[in-house]
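What follows is a set of notes on a single structure, which appears directly below.
The values are calculated or read from the model by the stated rules, or taken from the named source; none is laboratory data. Please read all numbers here as calculations on a predicted model, not as lab measurements. Cβ atoms come from the backbone with ideal geometry, glycine included; neighbour counts cover every protein chain shown. Side chains included, ligands, DNA and RNA excluded: accessible areas come from the protein's heavy atoms. Shrake-Rupley method; radii C 1.70, N 1.55, O 1.52, S 1.80 Å.
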Amino acid sequence: MKIDTIPSKGISLSLFSIIASSVILIYFSAWNSTNKLNENSNYETSWIQDGSVFLCPLH
């Protein structure tokens, strides 16, 4: 038995899972950063926290 087709369903589901996980990670990271900024006005953010707030359209 030889398989000649590309497993497009598995590849697309894997890519979707990676993209969805990244979106959720960015959302929660931006949420955490905005909460820290709201609690303390002198809080210094790192470049990753600034980037997550910038990337997330909901924050």
Given (i) 65, 18, 15; (ii) 51, 38, 16; (iii) 32, 27, 20 as possible values of Cα extents along the principal axes in Å, the one from the coordinates is (i)
Taking protein heavy atoms only, a 1.4 Å probe, and rounding to whole percent, the accessible area of the chain owed to carbon and sulfur comes out at 66 percent
Could you state the angle between the C-alpha long axis of helix 8-39 and the longest principal axis of the C-alpha atoms of the chain, as a value from 0 to 90 degrees rounded to the nearest 10? 0 degrees
Can you give the FRET efficiency to the nearest 0.05 for Y27 and D50, using r as the Cβ-Cβ distance and R₀ = 22 Å? 0.90
Using a 1.4 Å probe, what is the accessible area per residue for the chain, in Å²? 89 Å²
Counting helices only, and only those DSSP H runs with n ≥ 4, report the 222 nm mean residue ellipticity of the chain as the sum of -39,500 (n - 2.57) divided by its residues, in deg cm²/dmol to the nearest 500. -24000 deg cm²/dmol
